[in-house]
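Below you'll find the structure, written out as structure tokens, and then a few comments.
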Amino acid sequence: MAAPQTRRAGVGPQDLSAGVCCGIRDEDHEDSKDCILEPLSLPESPGGSTTFEGPPSVPCIFCEEHFPVAEQDKLLKHMIIEHKIVIADVKLVTDFQRYILYWKKRFTEQPITDFCSVIRINSTAPFEEQDNYFLLCDVLPEDRILQEELQKHRLKEILEQQQQERNDTSFRGICMFFSEEFLGNRAVLLNHMAREHAFNIGLPDNIVNCSEFLGTLQKKLDNLQCLYCEKTFRDKNTLKDHMRKKQHRRINPKNREYDQFYVINYLELGKSWEEVQLEDDRELLDLQEDDWSDWQEYPVSAVCLFCEKQEETIDKLSVHMKATHEFDLLKIKSELGLNFYQQVKLINFIRRQVHQCRCYGCHVKFKSKADL
């Protein structure tokens, strides 16, 4: 492979660091570099031949330094400062461990300039103050194919995990709002919280790594943090009142920490659930027609307070209640000077009394609505 031409740019290392997240692009790769002579082979064991104790770690591409998987940013910073290499669009890399291990092996087989574009910084300064940085991005076909293979591999793992959880009958979980334990399948607990506590995190079949997901949410509640607005409160009762009154019994859709627990985020490389849903909406818009001939309009009806009679308008229903049940709502409203809110309370009170087969005037209870 021929080395790419040096790109000149008046930028500093801090700009390169920002490029890791923002996605620097390079167009200097020519079609002659598009040739991959053999299929990619993904590393099976992230640890390689050396065993490290403690949490999973990722090695530096060029040296023996290791960083915990959770401290990915520290590794990226290390590689920029110590080895002058920048990985573009790193947030799109599905499996960062395997990605790094793959390129660590490839860089031992061929020069780095066979894969990376060269960015010269401080190009207007004297030659001794100039420096070269190396950009690794998916403009290189091998890198693009690698990312696609990693995404397919991860999707396969996620679907297998999802299927295992769907069939699992040994799940044990505790309701986050009532401390009740649920056994069997995860759907039992998720459906309970959605039905009884109006806390819906999605359909069970759309969720993966459910136990870890629930553990993450429970930890936030234990830290007295609202799951939606993510504010912290002084005690548990204050948090409960806040979530109930503000209707915050839901998770924050903008918190990317939760994306890992939804299968939709693994379906397409570099696309979140929002982008996938937006595409679906666009497809529907493209298919829309102006023909409304199949539209069916169903009339809105009002139901009598005392029987099953329905009318299309409130005026007709008022006439019915006055003639049949000797109940004149307009007259009562006028005599008592009821405002809108008070009228609603009166109607709800009457409906409840009738439902309980109790007279709303004398409160005598009857055996049936017919007797009432």
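The values are calculated or read from the model by the stated rules, or taken from the named source; none is laboratory data. From a predicted model like this one, the values you see are computed outputs, not experimental measurements. In this analysis, Cβ positions are derived from the backbone assuming ideal geometry, glycine residues included, and neighbour counts consider all displayed protein chains.
Some points to look at:
- Each residue in segment 136-171 was checked for being over 15 Å from Tyr99 (Cα atoms) and in a strand (DSSP E or B), and 1 of them qualify.
- Contact map, segment 138-154: residues that are closer than 14 Å to Ile87 by Cβ and assigned by TED's automatic domain parsing to the domain that holds Lys91 paired with residues that are of a type in the set (Phe, Trp, Tyr) and in a helix (DSSP H, G or I), Cβ distance under 8 Å, separation 6+ or inter-chain. Pairs shown: Leu146/Tyr99; Leu146/Tyr102; Gln147/Tyr99; Leu150/Tyr99.
Every residue, every condition in (1) under 16 Å from Glu165 (Cα atoms); (2) under 13 Å from the mean Cα position of the chain (by Cα); (3) touching a residue at least 40 places away in the same chain (Cβ under 8 Å), yes or no:
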residue: Val208; (1), (2), (3): yes, yes, yes
residue: Leu214; (1), (2), (3): yes, no, yes
residue: Leu221; (1), (2), (3): no, no, yes
residue: Gln225; (1), (2), (3): no, no, no
residue: Tyr228; (1), (2), (3): no, yes, no
residue: Thr232; (1), (2), (3): no, no, no
residue: Lys236; (1), (2), (3): no, no, no
residue: Lys245; (1), (2), (3): no, no, no
residue: Arg249; (1), (2), (3): no, no, yes
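- Any hit, segment 160-175, residues being small (Gly, Ala, Ser), modelled with pLDDT of 90 or more and surrounded by 18 or more Cβ atoms within 10 Å (Cβ to Cβ): yes
- Any hit, segment 275-293, residues being at pLDDT 90 or above and hydrophobic (A, V, I, L, M, F, W, C): no
- Residue selected from segment 316-351 under the condition part of a helix (DSSP H, G or I) and among the polar types (S, T, N, Q), by the criterion farthest from Cys304 (Cα to Cα): Ser334
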